[in-house]
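The structure appears right after this line, and notes come after that.
The values are calculated or read from the model by the stated rules, or taken from the named source; none is laboratory data. Since the structure is predicted, the reported quantities are computational estimates derived from the model, not experimental observations. Counting neighbours? That spans all protein chains shown, and the Cβs are built from the backbone with ideal geometry, glycine included.
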Amino acid sequence: MEKRTEFHASVVTTNMKILKFTALPFVAIALAFSACQESTTSQFEEHLTNNDTEILQYLEDNNIKNDRLAKGLYIEKVVEVDTVGMSSDEKEKITLENNEKIGIFYKITSLSGTLAGENLDENGNLPTTVERISSSSSNIVPTAVARAIEEMKFVGDEVNIYAASYYGYNDSDWTLEAKDADDGKAHRVAPGQTILANVKVEARYSDDQLEEFEKTSIEKYIKDEKLDKYDVKELPTGERIVTIEKGTGERPKTSEYVAMTYAGTLLDGAKFDASAKENDEGVVEENPFVFILGAGQVIKGWDECISQMTVGDSSVLIIPSSQAYGGARDKDGNQNSRIGPYILPEIMRKDLMNKGDITKLPPDAVLVFHVKFLGNRDDALKYRD
């Protein structure tokens, strides 16, 4: 396995490390959040004090009315929804609760205006889904965004939060040139920089609404990727099977061995796993994945989709989060070992995933797999290591 910037929680022994039965490594993201522990208290305090002074000077120079949340953390309330005159039902609909999924728009820059990343509604984007939980146990990077969300009470509220690097990206050093960025803009996060994050709450989601939001995202992906020119089959559990090339073989039966090649991405194209692996000589080789269909050896979406395919099919499988890994916690409330934090901007998370610097998936991720069905039964066993 290639070296990654992360802490290994276990040794990955299966070929398809992202599908099941593997404890993916705890993410360090190359964001060096352990730097504070490695530094002395005096060094940390000195840096925090310097950041705090920089922020206070910026607020004074720009005559910005603000509230101090902590040393190095200040908030400016841009929009506060006026609930006077609302009925109790109307107010309840827009009142934010802890431990619920919400949709936000945001823009994150340095105090000097250098862009880290953004997702703005003016560009016709869908909101970014995050979970509103206490910032002390936040699973959002940067934590300043989690604190901003914690301070907002209603859908429609908007704030600017001014934060020291401790609440931002700490010692992360990341650059994405405009020519390499999907949005055609240059992105930069410098070590130890203060940040300004504009955050607006656009929506709150019930489970049904979140499911509908995922469906909208999937339909947008199919249209944007021009997959609607192929045969698209939607399963009752929400998966989509896009048949690119139809095979001539048979449909597999439950409990049979099947062999597949695959490449997995998120909806934004971030790569997280593939059957093609680099060998010791640096040559990329296909390593087909063999498993027993319907035995729970893979995510539910794979069992559902592959049972509907025929040998020889080349397809794109689009798996909603409920049929993949779901959120940060399982049904019993335990931490999901395959899921990492929400990383904002998403373009940063995508770049780090594509470089192999992080492997954990974001919460509630829709997964996309480009697959080739090689064989079943004895034909599948030919591909076993």
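Within the range 228-248, residues that are basic (Lys, Arg) reach partners that are modelled with pLDDT of 95 or more with beta carbons closer than 6 Å, at six or more positions or on different chains, in the pairs LYS233/ILE241; ARG240/VAL232; ARG240/GLU234; ARG240/ILE318. Just give me the residues in the range 235-254 being within 13 Å of ILE306 (Cβ to Cβ) and among the small types (Gly, Ala, Ser), in sequence order. Correct list: GLY247, GLY249. Any residue in the range 77-87 that is farther than 20 Å from LYS200 by Cα, assigned to a loop (DSSP other than H, G, I, E, B) and in contact with a helix residue (DSSP H, G or I) (Cβ under 7 Å, 6 or more places away or on another chain)? No, the range 77-87 contains no residue that is farther than 20 Å from LYS200 by Cα, assigned to a loop (DSSP other than H, G, I, E, B) and in contact with a helix residue (DSSP H, G or I) (Cβ under 7 Å, 6 or more places away or on another chain).
Which residues, taken from the range 294-316, are charged (D, E, K, R), touching an Asp or Glu at 6+ places or on another chain (Cβ under 8 Å) and in a helix (DSSP H, G or I)? Across the range 294-316, the qualifying residue is only GLU304. Is it the case that some residue within the range 223-240 is in the same structural domain as PRO320 (by TED's automatic domain parsing), surrounded by 16 or more Cβ atoms within 10 Å (Cβ to Cβ) and in a helix (DSSP H, G or I)? Yes - at least one qualifying residue is present in the range 223-240. Among what's in the range 266-298 and is of a type in the set (Val, Ile, Thr) and crowded, with 20+ Cβ neighbours inside 10 Å, pick the residue that is farthest from ARG377 (Cα to Cα). Once the filter is applied, the top-ranked residue is VAL298. The residues in the range 162-185 that are in contact with a Leu (Cβ under 7 Å, 6 or more places away or on another chain) and aliphatic (A, V, I, L, M) can be counted, and the count is 2.
In the range 209-222, the residue that is nearest to the chain's Cα centre (by Cα) out of those that are modelled with pLDDT of 95 or more and either aliphatic (A, V, I, L, M) or in a loop (DSSP other than H, G, I, E, B) (or both) is ILE218. Residues in the range 153-193 that are under 15 Å from GLY113 (Cα atoms), among the polar types (S, T, N, Q) and assigned to a loop (DSSP other than H, G, I, E, B): GLN193 alone. Select from the range 48-84 the residues that are touching a residue at least 24 places away in the same chain (Cβ under 8 Å), aliphatic (A, V, I, L, M) and within 17 Å of LYS153 (Cα to Cα) and list them in ascending order. Once the filter is applied, which keeps residues that are touching a residue at least 24 places away in the same chain (Cβ under 8 Å), aliphatic (A, V, I, L, M) and within 17 Å of LYS153 (Cα to Cα), the range 48-84 yields LEU69, ILE75, VAL78, VAL79, VAL81.
In this structure, does GLU219 turn out to be in contact with a helix residue (DSSP H, G or I) (Cβ under 7 Å, 6 or more places away or on another chain) and surrounded by 15 or more Cβ atoms within 10 Å (Cβ to Cβ)? No: the conditions fail for GLU219. Whether any residue in the range 103-116 is of a type outside the set (Val, Ile, Thr) and in contact with a His (Cβ under 9 Å, 6 or more places away or on another chain) is what I want to check. Checking the range 103-116: at least one residue is of a type outside the set (Val, Ile, Thr) and in contact with a His (Cβ under 9 Å, 6 or more places away or on another chain). When LYS382, LYS350, LYS372, LYS355 are checked against the criterion of being of a type in the set (D, E, K, R) and free of Cβ contacts under 8 Å to residues at least 60 places away in the same chain, LYS355 stands alone in meeting it.
Rundown of residues vs (1) within 29 Å of the chain's Cα centre (by Cα); (2) within 30 Å of LYS271 (Cβ to Cβ); (3) part of a strand (DSSP E or B); (4) modelled with pLDDT under 95, yes/no style:
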position: VAL11; (1), (2), (3), (4): yes, yes, no, yes
position: ASN51; (1), (2), (3), (4): yes, no, no, no
position: LYS65; (1), (2), (3), (4): no, no, no, no
position: ILE75; (1), (2), (3), (4): yes, no, yes, no
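Only one entry in GLN308, GLN335 is more than 29 Å from PHE105 (Cβ to Cβ) and out of contact with any Gly (no Cβ under 8 Å at 6 or more places or on another chain), namely GLN308.
Please go through the range 263-293 and pick out each residue that is assigned to a loop (DSSP other than H, G, I, E, B) and not hydroxyl-bearing (Ser, Thr, Tyr). Answer for the range 263-293, where residues must be assigned to a loop (DSSP other than H, G, I, E, B) and not hydroxyl-bearing (Ser, Thr, Tyr): LEU267, ASP268, GLY269, ALA270, ASN279, ASP280, GLU281, GLY282, VAL283, ASN287, PRO288, LEU293. When VAL155, VAL201, VAL159 are screened for being assigned by TED's automatic domain parsing to the domain that holds ASP82, within 22 Å of LYS71 (Cβ to Cβ) and of a type in the set (Val, Ile, Thr), only VAL159 passes. Across the range 92-150, the qualifying residues are those that are acidic (Asp, Glu) and not in a helix (DSSP H, G or I), and the one among them that is surrounded by the fewest Cβ atoms within 10 Å (Cβ to Cβ) is GLU97. The residue that is nearest to the chain's Cα centre (by Cα), among those in the range 286-339 that are closer than 23 Å to GLY269 by Cβ and of a type in the set (Asp, Glu), is GLU286. With respect to the stated conditions, GLY282 is out of contact with any Asp or Glu (no Cβ under 6 Å at 6 or more places or on another chain) and free of Cβ contacts under 8 Å to residues at least 12 places away in the same chain.
Taking the range 45-80 as the range and being of a type in the set (A, V, I, L, M, F, W, C) and more than 20 Å from ALA146 (Cβ to Cβ) as the test, the residues that pass are LEU56, LEU59, ILE64.
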